[in-house]
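The values are calculated or read from the model by the stated rules, or taken from the named source; none is laboratory data. Keep in mind the model is a prediction, meaning the values are calculated, not measured. Please note: Cβ atoms are built from the backbone with ideal geometry, for glycine as well, and neighbour counts cover all protein chains shown. Each accessible area value is taken on the protein alone, full model and side chains, heavy atoms only, with ligands, DNA and RNA left out. Shrake-Rupley method; radii C 1.70, N 1.55, O 1.52, S 1.80 Å.
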Amino acid sequence: MAFEGLAERLQGSMKKIKGKGKVSEQDVKEMMREVRLALLEADVNFKVVKQFVKDVRERAVEQEVMESLTPGQQVIKVVNEELTQLLGGEQSKLNTAQKPPTVVMMVGLQGAGKTTTTGKLALHLRKKHNRKPLMAAADIYRPAAIKQLETLGKQLNMPVFSMGDQVSPVEIAQKAVEQAKEEHHDYVLIDTAGRLHVDENLMGELSDIKEATKPDEILLVVDSMTGQDAVNVAESFDEQLGITGVIMTKLDADTRGGAAISVKAVTGKPIKFAGMGEKSDALEPFHPERMASRILG
Ligand code: GDP
């Protein structure tokens, strides 16, 4: 389950203070020492942890909190609010084009879950928003990537645009957008190539696709299980390509959750969706507030 280990630790740290009718600065300090350790063990970026602890401590020892009728609960409320902020604050929705189709580039490293997530997002748009997406197969390098998307398309009864692997990804992306216009699709989801590492060739190609299709969204798909590596990948993609949001996959299997907690604070880019399983319907819009409440119990 997502954040299970972290949730248990944090809830344990806050237990003592929760019911207290009187809270001292020392109580807050002790609780935050444990919270700090729990976050670090969950692989949250250390700078993010430091700032978080500082912010909570400052707010938690304010007079209004300490002298309220239920100071223990007020302190917990502060932790909840600050964690919500850390996770992105308000829910961040998909950008949409003023004139359809909305062009979405799906980018990320191999194995992160990009192709699966492209299918999930298409299904989400159709099921929850009654949209008519077109998926485009622009990963011409990984053997069977095109086939994977086509198979997914068949399973979901979702159209897939492909031109094989002998045409440049830029051309595939452009033609996909043209076709989407002609056939009145309101979204085009371009499944781009991934590599094992962030490299110049990959970034060059993605920049060319960006230039050619002027996407409304560039969504980076990252594997939350890879912890701070996922955050570093997000930083690199954002610096070199510019991303508009993150989709955090495999959160269902990530008991630590360090990547999900750090990525917005480190990159400034919001998590828009979370992958919660292998099935095609296991994609959830990311709600910072709900996620914080889930973690803090
Ligand atoms: P790509 O190389 O980035 O296109 O990765 P794939 O889409 O082929 O996915 C790699 C693996 O991750 C597959 O086995 C997927 O089923 C799995 N996967 C993707 N998203 C999730 C998720 O949210 N949860 C879990 N448990 N597995 C996922």
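Residues being part of a helix (DSSP H, G or I), surrounded by fewer than 24 Cβ atoms within 10 Å (Cβ to Cβ) and of a type outside the set (A, V, I, L, M, F, W, C): count how many of those fall in segment 120-142.
Qualifying residue count, segment 120-142: 5.
In segment 254-271, which residues are of a type outside the set (Val, Ile, Thr), outside any helix (DSSP H, G or I) and within 14 Å of the ligand (Cβ to nearest atom)?
Across segment 254-271, the qualifying residues are 254, 257.
At least 2 residues that are open to solvent by less than 30 Å² (accessible area, probe 1.4 Å) in each: list the helices (runs of 4 or more DSSP H) lying fully within segment 5-112 that qualify.
Per the criteria, 25-41, 46-60, 71-86.
Does residue 202 satisfy being among the hydrophobic types (A, V, I, L, M, F, W, C), assigned to a helix (DSSP H, G or I), without any contact (Cβ under 8 Å) to a residue 24 or more places away in the chain and touching a Leu at 6+ places or on another chain (Cβ under 9 Å)?
So residue 202 fits the description; yes.
Confirm whether residue 274 is more than 9 Å from the ligand (Cβ to nearest atom), modelled with pLDDT of 95 or more and hydrophobic (A, V, I, L, M, F, W, C).
When the stated conditions are applied, residue 274 does not pass them.
If you check 209, 146, 172, which single one turns out to be assigned to a helix (DSSP H, G or I) and without any contact (Cβ under 8 Å) to a residue 24 or more places away in the chain?
146
Looking at 22, 54, 16, can you tell me which residue is at negative phi and at pLDDT 95 or above? It would help to see each step written out before you state the result.
Details: 22 fails: at pLDDT 95 or above; 16 fails: at pLDDT 95 or above.
Checking each option against the conditions leaves just 54.
State which residue pairs qualify: first residue open to solvent by 30 Å² or more (accessible area, probe 1.4 Å) and inside segment 220-237, second residue away from the ligand (no atom under 14 Å from the Cβ) in any location, beta carbons under 8 Å apart, and separation of 6 or more residues or different chains.
Note: pairs meeting the criteria are 228/43; 228/45; 228/258; 228/262; 235/266; 235/267.
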